[in-house]
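Each remark here refers to the structure printed beneath this line.
Here, each number is a calculation from the coordinates, and none is a lab measurement. Since the model is a prediction, treat every value here as computed from it, not as a measurement. Heads up, the Cβs are rebuilt from the backbone with ideal geometry, glycines too, and the neighbour counts pull from every protein chain shown.
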Amino acid sequence: MPRRTRHAVVLLTLSAGLLSACGDSSPQVSSAQPSAPSSSSSSSSSSTAAETPSSTSSSSSSAAPTTTSTSSSPSSAAPSTSVAPAQGARITGTKRDYSFSAPKGWSDAKGKVPNADAVAINFLDRDGFADNINVIRQEGTGGTTLDLVELASKRQLEAAGAKNVKVLPRTTVAGTEASRTSSALTSGTQSYLIDQAYILRGKNSYVVTFSFSPSVSEADRNKVIAPVLASWKWSA
């Protein structure tokens, strides 16, 4: 019998309407609470979890520009300024306007999580929580600034029950500046850590969420985050 691993896929996204350019320095944010892990998912929930048999998936792909850290935003260090891109399965967004490589051994779980534009999961994880990545893509966010994103994301995370919310130094993802946050969440009996990158490009926004077991150190989280962001490519 294959070992079943519980994974929680975090879907915390910022509303395009709430972050529209309106000249308000203190935008309102959603207060939706993450739901407890379960074997089923709903398209209206802020987080989704399921039990899935372990599986493997890997492939190589071409490299993208490496990430670089910018801005003087507070908190802990951003990913390294010179990082080799991830070499796992190549994940492409539904509109095919971006792609990235997952870490080796992670699986493309696109279509299995409501609302997510792209999903990658480490089904081989054996610590009780399958680390994962999801991307939320939104249209119509032109005019929004990263300053507003940082204010709104912090408030939204705190409203969702997140603890130790930090706004991290900004980074660059394939030539586009991005804001970053980190926090700790509990959904039911499951606790986990999330790191998020918020990217504004043209009239679209992309929220990239990395979710980890609480036992994963910051250094080990960055060994996943930095190569994935370094592998990011824009195709439109």
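Which ³J(HN,Hα) values in Hz, rounded to whole numbers, follow from the phi angles of segment 109-126 under the Karplus curve 6.51 cos²θ - 1.76 cosθ + 1.60, where θ = phi - 60° and Gly and Pro get x?
Taking θ as phi minus 60°, the curve returns 10, 4, x, 8, 10, x, 6, 7, 7, 8, 9, 9, 10, 8, 6, 7, 4, 10 Hz for segment 109-126.
Can you work out the Karplus-derived ³J(HN,Hα) for every residue in segment 208-225? Use 6.51 cos²θ - 1.76 cosθ + 1.60 with θ = phi - 60°, whole Hz, and x for glycine or proline.
9, 10, 9, 10, 9, 4, x, 7, 7, 6, 4, 4, 6, 5, 5, 5, 8, 5
If the chain between Thr94 and Asn164 were fully stretched, how many nm would it gain, using 0.36 nm times the residue separation less the Cα-Cα distance? Mind showing how you got there, number by number?
Numbers: separation 70, 0.36 × 70 = 25.20 nm, distance 3.26 nm.
Taking 0.36 nm per residue and subtracting the Cα distance, the gain is 21.9 nm.
On a full-extension model of 0.36 nm per residue, what is the gain between Asp220 and Ala236, subtracting their alpha-carbon distance, rounded to one decimal in nm?
2.6 nm is the gain from fully extending Asp220 to Ala236.
Would you mind pulling out the separation of the Cα centroids of segment 109-153 and segment 193-236, in Å?
With segment 109-153 and segment 193-236 each reduced to a Cα centre, they are spaced 8 Å.
Given an 8 Å cut-off on Cα distances and at least 6 residues of separation, report the relative contact order of segment 162-236 as a percent.
Answer for segment 162-236 is 24 percent.
Can you give the FRET efficiency for Lys203 and Ser82, using 1/(1 + (r/R0)^6), R0 = 30 Å, r = Cβ-Cβ distance, to the nearest 0.05?
0.45
Taking amide H positions as placed 1.01 Å from N in the peptide plane, with prolines and chain starts having none, which residues 5 or more places from Phe123, or on another chain, fall under 5 Å of its amide H?
Placed amide hydrogens put Ser55, Ser107 under 5 Å from Phe123.
Taking amide H positions as placed 1.01 Å from N in the peptide plane, with prolines and chain starts having none, which residues 5 or more places from Lys104, or on another chain, fall under 5 Å of its amide H?
Correct list: Gln87, Gly88.
Give the peptides 210-222, 102-114 in descending order of average Cβ contacts within 10 Å, highest first.
Result, highest mean Cβ count within 10 Å first: 102-114, 210-222.
Considering only lysines 8 or more places apart in sequence, or on different chains, count the pairs in segment 87-236 whose C-alpha atoms sit under 15 Å apart.
6
From the P(r) of segment 101-206, could you give the percentage of C-alpha pairs in the tail past 18 Å?
58 percent
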